[in-house]
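Before any comments, here is the structure.
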Amino acid sequence: MEKNWYAAYTRSRCEKKVAALFSKRKIENYCPLNRIMRQWSDRKKLVYEPLFTSYVFIHASEEELYSIKQVTTDVINIVYWLGKPAVIKDAEIEAIRSFLNEYSNVKLEEDFVRVSDKVRVLNGPLMNMEGDIIAVENNKVKLLLPSLGFMMIAEVRKSNIEVTNYPYQVNKLVS
């Protein structure tokens, strides 16, 4: 039986509890914890919060997933993609581990646009024009707009565009 990494979707704020139950039952798991310095009125304290809210990663075979889901009622489901449990690459889990060992106060940001996405401009002088993303920067994207046989490249704020194709949506964690 080949073991892979999968994501278990948990009830809100139950990630550490689920990870502890998995460990107690000798199920290999990983709940990435972010080191954060919290400030209260009278003190500062280092706390560990789950990096991915409502997710715990488990290393198991596909056949073991059903029994793993039954370990606790705090596991809502296993994350699926195209009707099968979504496999997470070992390299991605290792990258998360090494990144969290090196850095604290990590923040996750979901970037809704990617290079080569097709988008439509919602506001401004290029309103309703469609084009392809050729670069993504901090708060702007570079947009390739075919017009009159010329290539016009415009920098547009991310908030002023909408994606018209969604090829990356299938890769998102969906329960």
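Observations
- For segment 105-115, the count of residues that are at pLDDT 90 or above, out of contact with any strand residue (DSSP E or B) (no Cβ under 6 Å at 6 or more places or on another chain) and assigned to a loop (DSSP other than H, G, I, E, B) is zero.
- Which numbered condition Ser61 fails, given (1) under 19 Å from the mean Cα position of the chain (by Cα); (2) within 25 Å of Lys17 (Cβ to Cβ): (1)
- Positions within segment 23-57 being polar (S, T, N, Q) and loosely packed, with under 11 Cβ neighbours inside 10 Å, in sequence order: Gln39, Ser41
- Segment 80-101: number of residues that are in contact with a Leu (Cβ under 8 Å, 6 or more places away or on another chain) and over 20 Å from Asn34 (Cβ atoms): 2
- Just one residue in the set Ser23, Ser104, Ser12 is among the hydroxyl-bearing types (Ser, Thr, Tyr), at negative phi and without any contact (Cβ under 8 Å) to a residue 24 or more places away in the chain; that residue is Ser23.
- All of Val87, Val56, Val119 fail the test of being under 30 Å from Leu144 (Cα atoms) and under 23 Å from the mean Cα position of the chain (by Cα), apart from Val119.
- Sole residue being within 18 Å of Lys107 (Cα to Cα) and touching a residue at least 40 places away in the same chain (Cβ under 8 Å), chosen from Leu51, Leu65: Leu51
- Residues of segment 52-77 that are touching a Lys or Arg at 6+ places or on another chain (Cβ under 9 Å), modelled with pLDDT of 90 or more, of a type outside the set (Ser, Thr, Tyr) and assigned to a loop (DSSP other than H, G, I, E, B): Asp74 alone.
- Looking at Val136, Val121, just one residue is at pLDDT 80 or above and touching a helix residue (DSSP H, G or I) at 6+ places or on another chain (Cβ under 9 Å), and that residue is Val121.
The values are calculated or read from the model by the stated rules, or taken from the named source; none is laboratory data. Note that the structure is a prediction, hence the values are computed from the model and not measured. Neighbour counts are summed over all protein chains in view; Cβ atoms, including those assigned to glycine, are modelled from backbone coordinates with ideal geometry.
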